[in-house]
Amino acid sequence: MIDALNAVAREVGASPAAVALAWVQGRPGITSTLVGARRMDQFEDNLRAQDVTLTGAQRGALDEVSTPALNFPAHNNRTLAPILQFSGATVDGRPSIVSPMLQASEARY
């Protein structure tokens, strides 16, 4: 994450802290941002995040490196849950498949 953050900071000409705050503020569902500045220079640097504009590619790079690697069974749940919940329907623009186990059987429960 640090390397990607520093690279984006160099691209936009801002500090890593300002870029990180700008990225957080642009996330869906974020309505406020807490800053942890202890010194006035840190606080002023945090305020500069208001002037930072990130491109879609820059946001995507930061999103990618910040995505947590989840343990088992997260991957299974991510793929299995839509199959069990929606069984072939498209919900919120996301298509799902019918479970192969359901397709193999004539019985419907």
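Key figures
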quantity	calculated
Relative intensity, log₁₀ I(q)/I(0), of region 65-109 from a Debye sum that treats every alpha carbon as a point, q = 0.20, 0.21, 0.25 Å⁻¹	-0.75, -0.79, -0.92
Evaluated at q = 0.20, 0.24 Å⁻¹: base-10 log I(q)/I(0), Debye formula over Cα of the chain	-1.03, -1.25
Geometric extent, Cα atoms of region 18-71 - Rg, Dmax (angstrom)	12.6, 40
Furthest towards positive pole of dipole, Ala61, Ser32, Gly13, structure part region 1-89, Cβ charges	Ser32
Loop-located trypsin sites (Lys or Arg not before Pro) in region 4-98 whose Cβ has at most 16 other Cβ within 10 Å (DSSP)	Arg38, Arg39
For Ala57, net neighbour charge (Lys/Arg +1, Asp/Glu -1) across residues whose Cβ lies under 12 Å away	-2
Stretch gain in nm, segment Glu64-Ser32, where the contour uses 0.36 nm per residue and the Cα spacing is subtracted	9.3 nm
Simple spin-label estimate for Ala89 and Arg39 in nanometres, 7 Å along Cα-Cβ	5.7
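Quick note: the coordinates plus some simple rules give every number you see, no bench work behind them. Just so it is clear, the structure is predicted and the values come from calculations on it, not from any experiment. Note that each Cβ is placed from the backbone with ideal geometry, even for glycine, and that neighbours are counted across all protein chains shown.
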